[in-house]
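The values are calculated or read from the model by the stated rules, or taken from the named source; none is laboratory data. This is a predicted model, so every value here is computed, not measured. Because the Cβ atoms are built from the backbone with ideal geometry, glycine has one as well, and the counts that use them run over all protein chains shown.
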Amino acid sequence: MRAARVALAIAIALALQTTLAHTLTGATTTVDLMLVAVVYVALTGGSVAGLAAGALGGLVQDALSTTGASVVAVGSGVVAAKSIIGIGGLAKTVVGFVAGIVGTQFIVVRPLPRFLVFFVATVAHAVMFLGLYAILDPRYAGTSYRSVAGQATGNAVVGVVMFEAIEFLPGFLGRRRAARGRIRVNRRRN
(Lines give C-alpha, C1' and ligand atoms only; values in the text may rest on other atoms or scores of the structure.)
Protein backbone atom coordinates (compact mmCIF):
# COMPACT_ATOMS: atom_id res chain seq x y z
CA MET A 1 0.00 0.00 0.00
CA ARG A 2 2.83 2.39 0.84
CA ALA A 3 4.50 1.77 -2.54
CA ALA A 4 1.24 2.54 -4.30
CA ARG A 5 0.95 5.85 -2.44
CA VAL A 6 4.51 6.78 -3.36
CA ALA A 7 3.90 5.95 -7.01
CA LEU A 8 0.61 7.87 -6.98
CA ALA A 9 2.23 10.95 -5.41
CA ILE A 10 5.04 10.87 -7.98
CA ALA A 11 2.61 10.40 -10.87
CA ILE A 12 0.43 13.31 -9.72
CA ALA A 13 3.46 15.55 -9.23
CA LEU A 14 4.80 14.64 -12.65
CA ALA A 15 1.46 15.33 -14.31
CA LEU A 16 1.10 18.66 -12.51
CA GLN A 17 4.71 19.63 -13.20
CA THR A 18 4.29 19.08 -16.91
CA THR A 19 0.88 20.75 -17.19
CA LEU A 20 0.78 23.49 -14.55
CA ALA A 21 4.44 24.43 -14.11
CA HIS A 22 4.14 27.35 -16.50
CA THR A 23 1.35 28.92 -14.44
CA LEU A 24 3.31 28.48 -11.18
CA THR A 25 6.46 30.00 -12.67
CA GLY A 26 7.30 33.63 -12.13
CA ALA A 27 10.16 35.68 -13.49
CA THR A 28 12.68 34.39 -10.94
CA THR A 29 10.75 31.61 -9.23
CA THR A 30 10.28 28.07 -10.45
CA VAL A 31 8.32 25.58 -8.39
CA ASP A 32 9.62 22.00 -8.47
CA LEU A 33 6.46 20.01 -7.75
CA MET A 34 8.37 16.72 -7.89
CA LEU A 35 10.60 17.87 -5.03
CA VAL A 36 7.53 19.04 -3.11
CA ALA A 37 5.97 15.59 -3.57
CA VAL A 38 9.18 13.85 -2.46
CA VAL A 39 9.37 15.93 0.73
CA TYR A 40 5.63 15.40 1.39
CA VAL A 41 6.01 11.61 1.02
CA ALA A 42 9.08 11.70 3.26
CA LEU A 43 7.34 13.69 6.00
CA THR A 44 4.25 11.49 5.96
CA GLY A 45 5.86 8.11 5.27
CA GLY A 46 9.32 8.21 6.82
CA SER A 47 12.85 7.94 5.53
CA VAL A 48 12.43 4.78 3.45
CA ALA A 49 9.37 6.17 1.68
CA GLY A 50 11.23 9.46 1.12
CA LEU A 51 14.22 7.60 -0.27
CA ALA A 52 12.01 5.60 -2.65
CA ALA A 53 10.05 8.67 -3.73
CA GLY A 54 13.24 10.65 -4.29
CA ALA A 55 14.87 7.93 -6.34
CA LEU A 56 11.80 7.27 -8.45
CA GLY A 57 10.79 10.89 -8.88
CA GLY A 58 14.30 12.15 -9.53
CA LEU A 59 15.12 9.53 -12.13
CA VAL A 60 11.80 9.99 -13.91
CA GLN A 61 12.32 13.74 -13.95
CA ASP A 62 15.91 13.27 -15.16
CA ALA A 63 14.80 11.01 -17.97
CA LEU A 64 12.08 13.41 -19.13
CA SER A 65 14.13 16.59 -18.78
CA THR A 66 15.95 18.20 -21.68
CA THR A 67 18.20 20.60 -19.77
CA GLY A 68 19.43 18.54 -16.86
CA ALA A 69 17.82 16.68 -14.03
CA SER A 70 15.40 19.08 -12.50
CA VAL A 71 14.12 22.61 -12.65
CA VAL A 72 16.72 24.30 -10.47
CA ALA A 73 17.07 28.05 -10.52
CA VAL A 74 16.05 28.70 -14.10
CA GLY A 75 15.62 32.41 -13.48
CA SER A 76 19.21 33.38 -14.19
CA GLY A 77 20.19 30.71 -16.69
CA VAL A 78 19.65 27.15 -17.75
CA VAL A 79 22.18 24.63 -16.48
CA ALA A 80 23.47 23.28 -19.80
CA ALA A 81 22.21 22.02 -23.12
CA LYS A 82 23.51 18.50 -22.51
CA SER A 83 21.60 16.33 -20.05
CA ILE A 84 23.29 14.35 -17.31
CA ILE A 85 20.85 11.72 -16.07
CA GLY A 86 21.11 10.76 -12.42
CA ILE A 87 22.10 14.00 -10.72
CA GLY A 88 18.52 14.99 -9.90
CA GLY A 89 17.74 11.43 -8.85
CA LEU A 90 20.66 11.36 -6.44
CA ALA A 91 19.88 14.80 -5.02
CA LYS A 92 16.18 14.00 -4.54
CA THR A 93 17.02 10.60 -3.00
CA VAL A 94 19.25 12.18 -0.37
CA VAL A 95 16.78 15.00 0.31
CA GLY A 96 13.88 12.54 0.59
CA PHE A 97 15.79 10.32 3.02
CA VAL A 98 16.91 13.21 5.24
CA ALA A 99 13.43 14.82 5.18
CA GLY A 100 11.98 11.47 6.26
CA ILE A 101 14.39 11.36 9.19
CA VAL A 102 13.46 14.94 10.13
CA GLY A 103 9.76 14.03 9.91
CA THR A 104 10.19 11.10 12.30
CA GLN A 105 12.54 12.79 14.78
CA PHE A 106 10.88 16.19 15.09
CA ILE A 107 7.31 17.41 15.39
CA VAL A 108 6.49 18.84 11.99
CA VAL A 109 2.71 19.30 12.13
CA ARG A 110 2.34 23.08 12.09
CA PRO A 111 2.71 25.26 8.99
CA LEU A 112 5.90 27.07 10.09
CA PRO A 113 7.99 23.91 10.72
CA ARG A 114 6.68 22.45 7.47
CA PHE A 115 7.61 25.65 5.65
CA LEU A 116 11.13 25.42 7.09
CA VAL A 117 11.49 21.76 6.08
CA PHE A 118 10.37 22.45 2.51
CA PHE A 119 12.61 25.54 2.31
CA VAL A 120 15.72 23.80 3.68
CA ALA A 121 15.06 20.70 1.57
CA THR A 122 14.90 22.83 -1.57
CA VAL A 123 18.12 24.65 -0.70
CA ALA A 124 19.86 21.35 0.08
CA HIS A 125 18.62 19.89 -3.20
CA ALA A 126 19.87 22.91 -5.12
CA VAL A 127 23.29 22.78 -3.43
CA MET A 128 23.69 19.07 -4.21
CA PHE A 129 22.32 19.33 -7.73
CA LEU A 130 24.26 22.41 -8.73
CA GLY A 131 27.42 21.23 -6.98
CA LEU A 132 27.39 17.86 -8.71
CA TYR A 133 26.61 19.51 -12.02
CA ALA A 134 29.52 21.94 -11.60
CA ILE A 135 31.88 19.04 -10.88
CA LEU A 136 30.70 16.91 -13.81
CA ASP A 137 30.24 19.61 -16.44
CA PRO A 138 33.09 22.14 -16.70
CA ARG A 139 30.95 24.39 -18.96
CA TYR A 140 28.49 24.96 -16.14
CA ALA A 141 27.64 28.66 -15.83
CA GLY A 142 26.28 28.78 -12.27
CA THR A 143 23.15 30.34 -10.85
CA SER A 144 22.19 33.14 -8.50
CA TYR A 145 21.30 32.89 -4.84
CA ARG A 146 18.15 34.88 -5.55
CA SER A 147 16.76 32.25 -7.91
CA VAL A 148 17.53 29.42 -5.46
CA ALA A 149 15.88 31.40 -2.65
CA GLY A 150 12.90 32.12 -4.88
CA GLN A 151 12.48 28.47 -5.73
CA ALA A 152 12.86 27.47 -2.08
CA THR A 153 10.19 29.97 -1.04
CA GLY A 154 7.87 28.86 -3.84
CA ASN A 155 8.32 25.18 -3.00
CA ALA A 156 7.75 25.88 0.69
CA VAL A 157 4.55 27.83 0.07
CA VAL A 158 3.17 25.19 -2.31
CA GLY A 159 4.19 22.41 0.09
CA VAL A 160 2.47 23.99 3.10
CA VAL A 161 -0.68 24.76 1.09
CA MET A 162 -0.71 21.20 -0.25
CA PHE A 163 -0.30 19.76 3.26
CA GLU A 164 -3.12 21.92 4.63
CA ALA A 165 -5.43 21.05 1.73
CA ILE A 166 -4.77 17.31 2.01
CA GLU A 167 -5.40 17.39 5.77
CA PHE A 168 -8.49 19.60 5.47
CA LEU A 169 -10.26 17.63 2.74
CA PRO A 170 -11.05 14.35 4.59
CA GLY A 171 -12.34 16.22 7.66
CA PHE A 172 -14.43 18.51 5.49
CA LEU A 173 -15.97 15.59 3.63
CA GLY A 174 -16.69 13.77 6.89
CA ARG A 175 -18.37 16.82 8.42
CA ARG A 176 -20.41 17.27 5.27
CA ARG A 177 -21.57 13.65 5.31
CA ALA A 178 -22.46 13.94 9.00
CA ALA A 179 -24.41 17.13 8.35
CA ARG A 180 -26.32 15.45 5.53
CA GLY A 181 -27.16 12.56 7.84
CA ARG A 182 -28.52 14.92 10.51
CA ILE A 183 -30.63 16.74 7.94
CA ARG A 184 -32.11 13.46 6.71
CA VAL A 185 -32.84 12.29 10.26
CA ASN A 186 -34.51 15.62 11.12
CA ARG A 187 -36.65 15.47 7.97
CA ARG A 188 -37.83 11.96 8.83
CA ARG A 189 -38.82 13.05 12.33
CA ASN A 190 -40.90 15.95 11.01
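With respect to being surrounded by fewer than 23 Cβ atoms within 10 Å (Cβ to Cβ), at pLDDT below 90 and either aromatic (Phe, Trp, Tyr) or outside any loop (DSSP other than H, G, I, E, B) (or both), residue 27 falls outside the description. Residues in the stretch 145-167 that are more than 16 Å from residue 41 (Cα to Cα) and crowded, with 19+ Cβ neighbours inside 10 Å: 147, 148, 150, 151, 152, 154.
Residue check, residue 140 against (1) surrounded by 10 or more Cβ atoms within 10 Å (Cβ to Cβ); (2) modelled with pLDDT of 75 or more, all met but one. Which one? The one condition residue 140 does not meet is (2).
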